[in-house]
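First up is the structure itself, then whatever we jot down about it.
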Amino acid sequence: MEYRTNEKLAAQVSLLGYGCMRLPADPEGIIQEEEAKSLLLRALEAGVNYFDTAYGYLSGKSEEFVGRALAGVARERYYLATKLPVWLAHSWEDADRLFDEQRRRLQTDYFDFYLFHALNKERWTEMKTLGLVDWAMEKKREGSIRRLGFSFHDKYEVFEDILTAHSWDFCQIQFNYLDTRFQAGLKGYHLAERLGIPIVVMEPVKGGALANPPEDVAAPLRSAAPKASLASWAIRWAASRPNVLTVLSGMGTQEQLEDNLNQFQPFRPLDGEEEALVERAAEMLRAKVKNGCTGCAYCMPCPAGVNIPKNFEIWNLMAKTDDGRAAWRPWNMVIDESAKADHCVRCGKCLSLCPQKLPIPDDLARARAELDALPASPTGN
Ligand code: SF4
Ligand code: SF4
């Protein structure tokens, strides 16, 4: 395993981190505990020592599961990261209550890395009013928070405002080869680097989209490295940046885990030619995708019953074949009729919840029109 040593943080962190947002789960979203635990323990055995969760992941079940899965492992063997749901913390008392609940769920007295979750302009403004950074600094003085940071979803200008407002230990951003000019992006990465604040990478494979790009995008990558998975290009792109402390991957299967582990034993950064290949792939993809939904489900549940991420997943699938054929079956035979885009009543509830700032009702209307217009597939495939 490749490690990044950071003297300021007094930490040696595996360059591959475990994101516990996409663990194996059944269709109802119930975590498959035995399978998920064996994945976490296999990662640990292979040298992964950073486990990232959050109060709300997997409908609030991720923290409890991670607590149980790692209960038998010596606490010094791994770094535990979790996040305060700032939208539920309207006072220091709320924050204390949530923090204590997180310690109970995760069966620990302290967090190695603690983050304010999914900051944007509105949340940052409210946090400042409440003095939540001062609250967290008290926890840090007590020792129950070892390193303090934040995760982020908004425009670059907001990122700069937050990053320069406090001497953060680290920050977590969406960082992948497609999103270099989106949210914090490369500009945000470089600002953090100048300030000496290491980056924890989330969404390196953009919710799986970069693991399965359209064939014309994939072909040059495949021919350059026939044995490498397409996801490995995205993981290596992020991990090649020196100010990256760890790259979080939500490894939901043994195959994904082993593929990721292979890339860090030992890690080989992208060379100049490979960087150029990836940049070309990014340009082609930017010209294709319908919208930037990552499938995070922060917008759910929709009061009208629309499965927002599923609709966008199928819509984006259209981009994967020139005639959109790949989307016909999921649109006509898989997604429940009651969960389709046409049930959106434009209440607007989802808009402020989407970290990607997608115009959800408008995109749902476009998705429905385009998917309904797909020619019927004679084979049903
Ligand atoms: S705007 Fe549409 S998709 Fe969004 S929450 Fe309301 S009904 Fe659901
Ligand atoms: S629409 Fe936005 S909030 Fe909903 S799943 Fe997609 S990216 Fe996440």
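The alpha carbon radius of gyration of the stretch 258-340, expressed as a multiple of 2.2 N^0.38 Å, is 1.47. Our summary gives the stretch 160-316 a relative contact order of 22 percent, counting only alpha carbon pairs under 8 angstrom and 6 or more residues apart. Ranked for footprinting exposure by Cβ neighbours inside 10 Å, fewest first, E203, E28, E138 give E28, E138, E203. Exposure proxy shown here: for I197, I173, I360, the number of other Cβ atoms within 10 Å sets the order, fewest to most, as I197, I173, I360. The coefficient of translational diffusion for the chain, derived via Stokes-Einstein from the alpha carbon Kirkwood radius under 37 °C and 0.692 mPa s, stands at 152 µm²/s. Computed from the Cβ-Cβ distance with R0 of 56 Å, the FRET efficiency linking L41 to M333 stands at 0.90. Rounded to 0.05, the FRET efficiency of the A287 and C347 pair, given R0 = 25 Å and the Cβ-Cβ distance, is 0.15.
Each residue in R68, R147 was given a count of other beta-carbon atoms within 10 angstrom of its own, and listing them fewest first yields R68, R147. Taking Cα atoms only, the orientation of helix 33-45 departs from the longest principal axis of the chain by about 60 degrees. Taking the Cα centre of the chain as origin and assigning +1 to Lys and Arg Cβ atoms and -1 to Asp and Glu Cβ atoms, the resulting dipole is close to 280 debye. For the chain, relative contact order (Cα pairs under 8 Å, six or more residues apart, normalised by length) works out to 14 percent. Once the convex hull of all Cα atoms in the stretch 190-342 is built, its volume per residue stands at 146 Å³. Which one, L23, A11, G56, is farthest towards the positive end of the dipole of the stretch 1-65 when Lys and Arg carry +1 and Asp and Glu -1 on their Cβ? Projecting each Cα onto the dipole axis, the largest value belongs to A11. Ordering V201, S91, Y156 by Cα displacement along the dipole of the chain toward the positive end leaves Y156 in first place; charges were set at the Cβ atoms of Lys, Arg (+1) and Asp, Glu (-1).
Highest mobility in the GNM of the chain, judged by mean-square fluctuation with C-alpha springs under 10 Å and restricted to Y114, Y50, Y79, is found for Y79. Straight Cα distances below 16 angstrom link K139 to the aspartates and glutamates E93, D94, D96, D100, E101, D109, D112, D169, with same-chain residues fewer than 8 positions distant left out. Computed from point charges on the beta carbon alone (+1 for Lys and Arg, -1 for Asp and Glu), the dipole magnitude for the stretch 245-345 about its Cα centre is near 420 Debye. Placing +1 on each Lys and Arg Cβ and -1 on each Asp and Glu Cβ, with no other charges, gives the stretch 76-198 a dipole about its Cα centre of roughly 280 debye. Placing a pseudo-label 7 Å from each Cα along the Cα-to-Cβ vector at L98 and D362 gives an inter-label distance of 3.0 nm. Under 30 Å Cα to Cα from K187, which lysines show up? Leave out anything in the same chain fewer than 8 places away. The qualifying lysines are K8, K83, K121, K128, K140, K155, K206, K288, K290, K320, K357.
Counting Lys and Arg as +1 and Asp and Glu as -1 over every other residue whose Cβ lies under 15 Å from the Cβ of L245, the net charge comes to -1. What residue among L195, L106, L261 has the largest mean-square fluctuation in a Gaussian network model of the chain, using Cα springs under 10 Å? Result for the chain, Cα springs under 10 Å: L195 fluctuates most.
A Förster distance of 25 Å, applied to the separation of the beta-carbon atoms of A225 and E258, puts the FRET efficiency at 0.90.
Computed from the coordinates by the stated procedures, all read-outs in this text should not be read as laboratory data. Because the structure is a prediction, the values reported are computed rather than measured. When we count neighbours, we look across all protein chains shown, and the Cβ atoms used for this are built from the backbone with ideal geometry, even at glycine.
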